[in-house]
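Okay, structure first, notes after.
The values are calculated or read from the model by the stated rules, or taken from the named source; none is laboratory data. Predicted model only: the values in this text are computed from it and were never measured. Here Cβ is always computed from backbone atoms with ideal geometry, including for glycine, and neighbour counts include all displayed protein chains.
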Amino acid sequence: MTQFTLTNPTLRPELNPLIEVNRLVKGYKLPGGKSLNVLENIDFTLYEGEIVALLGKSGSGKSTMLRILAGLIPPTQGHLRYRSQTVNGSLSGVAMVFQSFALMPWLTVQQNVELGLEAQGVPRKERARRAVEAIDLIGMDGFEGAYPKELSGGMRQRVGLARALVVQPDTLFMDEPFSALDVLTAENLRNEIIELWMKGQFPAKAILIVTHNIEEAVYLADRIVVLGSNPGRLRAVIKNDLPHWRDRKSAEFTGLVDQIYQIMTHPEVDVDDLLVAYRERQNRESGKPALEAEAGNGLEEPEQIAQALLGSDSEVAQYFRLPQAKVDGMSGLLEYLDENAPEGRDDIYRLADELHFEADDLLPITDALDLLDLAEIKNGDITLTETGRIFAKSDLEPRKEIFRQQLLGRIPLAENIYRALSVKENHRLEAVFFREVLQRRFTAQEAERQLETLIYWGRYAELFEYDADDEILFLPVQESPAN
Ligand code: ADP
Ligand code: MG
C-alpha cells in the first residue's frame, strides 16, 4: 500500500480507501463506428484524508476519469468501488465543482447553495440553516441574497464550492476549478481551502482535483497522479510530503515541479522509431511511397485515397496526433532558444518560468518542435536541432521551405494529403473528405482540431492552400515561367 503523510492533522493516519478503480478502460465510439480508448488500464485508489491532483495534458482524459470516479459515466471495463462496495451509477458521497461555476442565474446565492439539499429532500428550515453555514464557511456571508451576475468570478466559484460542500460529501471533486480565475483570486481560493483543510474544518474527507497546472498540483496535493495521452495511462504517481504552507520558491518545491515537467515532457514513444517503422512498411507494401502519382492506379477513388491516407499501422496514426501549436509560437520559441539559451538548450521548467507560460501553453509548442525535429526533448531539457537552429536564423521564405520539408518528412498525414492532392487531376479535395477520414481515428472534436492544425501548418508551409468559404483544400498554383 502507498505510504504517505497526510497533511490534514485531524484525520486519523490509517488509510481508508474511499474510491477505487481497477483495470479501468474507457472507450468512446467514433463517428465511423469503431471505438477509441481514451483511458486504459488504470488502477487508482483515493484514500480518506488526502488531497490528490490529477495532472495531464489537455485531452489526456482527466475529466473523463473524474466523471467515471464520480459514477457519472460508466467505464467500458473495470469496476468502481466505494468504501469497498461495487457501485453502478453516481456516488452519493461525491460532490463536484466545475471550472464554469454552473450557477443558476435566476437564483440567489443562497438558493443556488440550497439546490443540492433540495434534491436530497432536506426540509426547508434545515436547508436554510445549512446553506447559511456553508456560505459563511467559504467567506461569502452578506451575499446570501445576491444574484450570480452581481458577483466576480472568484465569488461565483466560492458559491460553486459552497454548493458542493453543503451536502457534506465524503469527497470533493474539482475539475480545473481555478483556471477561469485570475492569478491572485485563484491563489486566494487555494489558500482558503488549505486553511480549512489544515484546521480540520473542511467538510469533505478527501479532495480530488483535476488540473493542468503543475505548480497548482505541487502546491495543493499530497499525491500527484500524472496521466499520459494516446490513450490515457498512469505515467507516474508522485507523493508530496512538503508541509503546508508550501513555499513556491523553496528548492524542494521547484525541484518537484521540475521533476514533473520531466515526466510530462518525456516522450511516451519515440517518434523517430515510429517513422522508421512507417517508412519500412511503405517500402514493403509497395516498394514506393504511398500515393505515388501514377496513371491508372485507381487513386482518384475517394475510398482508396482514404485507405492510403490512414495506412494500416494504427500505432503510427495514433501517435502522430498533432499538438495544437501555432507556427508563431514555434518560431518564437526557436528564436528565443537560439538567442538566449547556451548552445540552444534550456530546461523546460525554467523556460516556462522565464516566459510566464503555463505548462498547457508551452508543452504543445515543445511537442510540436520535437515532432517536426526542430528541437529535441530529453530529461526535461529542450535543445535546438541543427535544422531548428537554421530555421531560427533564417528569413521567412527559407523558414517556409524548412517547415515544408519537415512536414513532408515527419508528418505522414501531411505528406499523404499533399500526395492525394497531387494525384487528383484538378488538385482539389473537399475538407469534409479529410474530416471524415480523420474521424475514423479520432473523436469528432479531436478530428476537427487535427484538421485545423494540419490546414494551418500546411498553409504556412505553402504545401497546400485552403478556401475556408467552400472548405476546399487545393495545391498552390505553380508559378509559370515568365513569358
Ligand atoms: P481532459 O479533461 O484531460 O482535457 P477529456 O477527458 O475531456 O480530457 O477527453 C479525453 C478524450 O476523450 C478527448 O480526446 C475527447 O475528445 C474525448 N471525449 C471526451 N468526452 C467524449 C464523449 N462524450 N464522446 C467522445 N469523445 C469524448
Ligand atoms: Mg478536462
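Within segment 275-292, is even one residue modelled with pLDDT under 95 and touching a strand residue (DSSP E or B) at 6+ places or on another chain (Cβ under 9 Å)?
Filtering segment 275-292 for residues modelled with pLDDT under 95 gives 275-292.
Subset that is touching a strand residue (DSSP E or B) at 6+ places or on another chain (Cβ under 9 Å): none.
Scanning segment 275-292, I find no residue that is modelled with pLDDT under 95 and touching a strand residue (DSSP E or B) at 6+ places or on another chain (Cβ under 9 Å), so the answer is no.
I'd like the full set of residues that are under 20 Å from the mean Cα position of the chain (by Cα) and of a type in the set (Phe, Trp, Tyr), limited to segment 170-207. Result: Phe173, Phe178. What are the residues in segment 205-221 that are assigned to a loop (DSSP other than H, G, I, E, B), surrounded by fewer than 23 Cβ atoms within 10 Å (Cβ to Cβ) and away from ligand 2 (no atom under 16 Å from the Cβ), if any? Correct list: Lys205 only. Of all residues in segment 174-197, those satisfying the criterion of being more than 16 Å from ligand 1 (Cβ to nearest atom) and either in a loop (DSSP other than H, G, I, E, B) or of a type in the set (Phe, Trp, Tyr) (or both) are Leu181, Asp182, Trp197.
Could you tell me which residue of segment 247-257 is nearest to Ile194 (Cα to Cα), considering only residues that are crowded, with 17+ Cβ neighbours inside 10 Å and not polar (S, T, N, Q)? For segment 247-257, the residue satisfying everything is Phe253.
Scanning segment 436-467 for residues that are at pLDDT 90 or above and among the charged types (D, E, K, R) yields Glu448, Arg449, Glu452, Arg459, Glu462, Glu465, Asp467.
Go through segment 59-84 and count every residue that is touching a helix residue (DSSP H, G or I) at 6+ places or on another chain (Cβ under 6 Å) and surrounded by fewer than 18 Cβ atoms within 10 Å (Cβ to Cβ). Quick ask: steps written out before the conclusion?
Keep residues of segment 59-84 that are touching a helix residue (DSSP H, G or I) at 6+ places or on another chain (Cβ under 6 Å), which gives 73, 75.
After this cut, where a residue has to be surrounded by fewer than 18 Cβ atoms within 10 Å (Cβ to Cβ) as well, the list is 73.
The total comes to 1.
For the criterion of being crowded, with 21+ Cβ neighbours inside 10 Å and among the basic types (Lys, Arg), Arg129 fails. Scanning segment 61-73 for residues that are part of a helix (DSSP H, G or I), under 14 Å from the mean Cα position of the chain (by Cα) and not aliphatic (A, V, I, L, M) yields Lys62, Ser63, Thr64.
The C-beta contact set for segment 29-51 (first residue in the same structural domain as Phe442 (by TED's automatic domain parsing), second residue within 16 Å of ligand 1 (Cβ to nearest atom), distance under 9 angstrom, 6+ apart or interchain) is empty.
The residue list Ile209, Ile194, Ile224 contains one member that is over 20 Å from Val167 (Cα atoms) and among the β-branched types (Val, Ile, Thr), which is Ile224. Among all residues of segment 196-209, there is at least one that is in the same structural domain as Ala95 (by TED's automatic domain parsing) and within 30 Å of Arg321 (Cα to Cα). Scanning segment 198-245 for residues that are away from ligand 1 (no atom under 16 Å from the Cβ) and of a type in the set (Asp, Glu) gives Glu215, Asp222, Asp241.
Just name the residue that is surrounded by the fewest Cβ atoms within 10 Å (Cβ to Cβ) out of those in segment 20-58 that are polar (S, T, N, Q) and over 17 Å from the mean Cα position of the chain (by Cα).
In the first step, residues of segment 20-58 are kept if they are polar (S, T, N, Q); the result is 22, 35, 37, 41, 45, 58.
Those left that are additionally over 17 Å from the mean Cα position of the chain (by Cα): 22, 35, 41, 45.
Values: Asn22: 14, Ser35: 9, Asn41: 15, Thr45: 16.
Per the stated criteria, the residue is Ser35.
So which residues in segment 433-471 are in contact with a strand residue (DSSP E or B) (Cβ under 7 Å, 6 or more places away or on another chain) and of a type in the set (A, V, I, L, M)? Hit for segment 433-471 is Ile455, nothing else.
Give segment 31-60 a look and list any residue that's assigned to a loop (DSSP other than H, G, I, E, B), closer than 20 Å to Val94 by Cβ and within 15 Å of ligand 1 (Cβ to nearest atom), or say none. It would help to see each step written out before you state the result.
First, pick out the residues of segment 31-60 that are assigned to a loop (DSSP other than H, G, I, E, B): 31-34, 48-50, 57-60.
Within this subset, residues satisfying the condition of being closer than 20 Å to Val94 by Cβ are 48-50.
Of everything in segment 31-60, nothing turns out to be assigned to a loop (DSSP other than H, G, I, E, B), closer than 20 Å to Val94 by Cβ and within 15 Å of ligand 1 (Cβ to nearest atom).
So, Val167, is that one surrounded by 14 or more Cβ atoms within 10 Å (Cβ to Cβ), of a type in the set (A, V, I, L, M) and in a helix (DSSP H, G or I) or not?
no
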